[in-house]
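Colleague: This is the structure I want to talk about, given as structure tokens.
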Amino acid sequence: MKPGESRAITVDVKTGTWEGEFKKVLLIETNDRKTPLLSLTVKASIYSILQVEPKFIDFGDIRPGSVRQRDILIRNRRQSPVTLTHIAIDPPGMASITPSGISGLAPGAAAKLVLKLSPGAYTGPIYGNIIIDTDWKDLPRKTTHFRSHVVAGIR
């Protein structure tokens, strides 16, 4: 670059499922004798555009034959509507989710789901996923997790 010129620096941050405040320092080496090392601070607030609360559901220890349920809130934090094309439990069988036919959420809107765990006579650990498919190309699927341990003899 010639003296006095400027260029944009693109920073691509892979956030995955991480949310919260982000702050990193970029160190840029230059051939400028007065400023051989330039320090830039990048700050951002990272949040999910489709928020699922709670993020993780722990039913804890339960008895065989018992039924437990937890409310789940899905909120559209984007400024455009979202269509929830499919909501499912994996693996199917001991858990169900209702209503499964929520079609869309306007910007800022939320919908309540109910996750119901019914282990029957089974004993042992249960690990599962709630899978929410959307019509957004940048977030086609959102997954949250649940767990429990079915123990005979607890009260």
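Colleague: Considering only the range 120-135, how many residues are open to solvent by 10 Å² or more (accessible area, probe 1.4 Å) and on the phi < 0 side of the Ramachandran plot?
Modeller: Of the residues in the range 120-135, 11 are open to solvent by 10 Å² or more (accessible area, probe 1.4 Å) and on the phi < 0 side of the Ramachandran plot.
Colleague: Which of the residues spanning the range 132-155 are in contact with an Asp or Glu (Cβ under 9 Å, 6 or more places away or on another chain) and either under 11 Å from L50 (Cα atoms) or free of Cβ contacts under 8 Å to residues at least 24 places away in the same chain (or both)?
Modeller: If the condition is that a residue be in contact with an Asp or Glu (Cβ under 9 Å, 6 or more places away or on another chain) and either under 11 Å from L50 (Cα atoms) or free of Cβ contacts under 8 Å to residues at least 24 places away in the same chain (or both), then P140, R141, K142, T143 are the ones that fit.
Colleague: Please verify whether S48 is open to solvent by less than 50 Å² (accessible area, probe 1.4 Å), small (G, A, S) and either touching a helix residue (DSSP H, G or I) at 6+ places or on another chain (Cβ under 6 Å) or outside any strand (DSSP E or B) (or both), treating the condition exactly as stated.
Modeller: Numbers: open to solvent by less than 50 Å² (accessible area, probe 1.4 Å): yes; small (G, A, S): yes; either touching a helix residue (DSSP H, G or I) at 6+ places or on another chain (Cβ under 6 Å) or outside any strand (DSSP E or B) (or both): yes.
Against the criterion (open to solvent by less than 50 Å² (accessible area, probe 1.4 Å), small (G, A, S) and either touching a helix residue (DSSP H, G or I) at 6+ places or on another chain (Cβ under 6 Å) or outside any strand (DSSP E or B) (or both)), S48 qualifies.
Colleague: Could you check how many residues of the range 44-74 are touching a residue at least 40 places away in the same chain (Cβ under 8 Å), farther than 20 Å from D135 by Cα and hydroxyl-bearing (S, T, Y)?
Modeller: 1
Colleague: Let me ask you something else. In the range 14-71, how many residues are of a type in the set (K, R) and closer than 21 Å to A110 by Cβ? Full working, then the answer.
Modeller: From the range 14-71, those of a type in the set (K, R) are 14, 23-24, 33-34, 43, 55, 63, 68, 70; that's our starting set.
Okay, now just the ones that are also closer than 21 Å to A110 by Cβ, so 55, 70.
The qualifying residues number 2.
Colleague: Return the total of residues in the range 1-42 being surrounded by 11 or more Cβ atoms within 10 Å (Cβ to Cβ) and touching a Lys or Arg at 6+ places or on another chain (Cβ under 6 Å).
Modeller: Total meeting the criteria: 1.
Colleague: Determine whether the range 60-76 contains at least one residue that is closer than 23 Å to W136 by Cα and in contact with a Gly (Cβ under 8 Å, 6 or more places away or on another chain). Reasoning before the result, please.
Modeller: Residues of the range 60-76 closer than 23 Å to W136 by Cα: 72-76.
Okay, now just the ones that are also in contact with a Gly (Cβ under 8 Å, 6 or more places away or on another chain), so 75-76.
Yes, the conditions are met somewhere in the range 60-76.
Colleague: For S66, are the conditions met, namely being over 15 Å from the mean Cα position of the chain (by Cα) and more than 30 Å from T15 (Cβ to Cβ)?
Modeller: Working: over 15 Å from the mean Cα position of the chain (by Cα): yes; more than 30 Å from T15 (Cβ to Cβ): yes.
Yes; evaluated as a whole, the condition is true for this residue.
Colleague: Would you mention how many residues in the range 75-113 are open to solvent by less than 30 Å² (accessible area, probe 1.4 Å) and in contact (Cβ under 8 Å) with a residue 40 or more places away in the chain?
Modeller: So the count comes out to 7.
The values are calculated or read from the model by the stated rules, or taken from the named source; none is laboratory data. Note that the structure is predicted; figures quoted are calculated from it, not measured. Here the Cβ is made from the backbone with ideal geometry for all residues, glycine too, and neighbour counts use every protein chain on show. Calculation scope for accessible area: heavy atoms of the full protein, side chains included, ligands and nucleic acids excluded. Shrake-Rupley method; radii C 1.70, N 1.55, O 1.52, S 1.80 Å.
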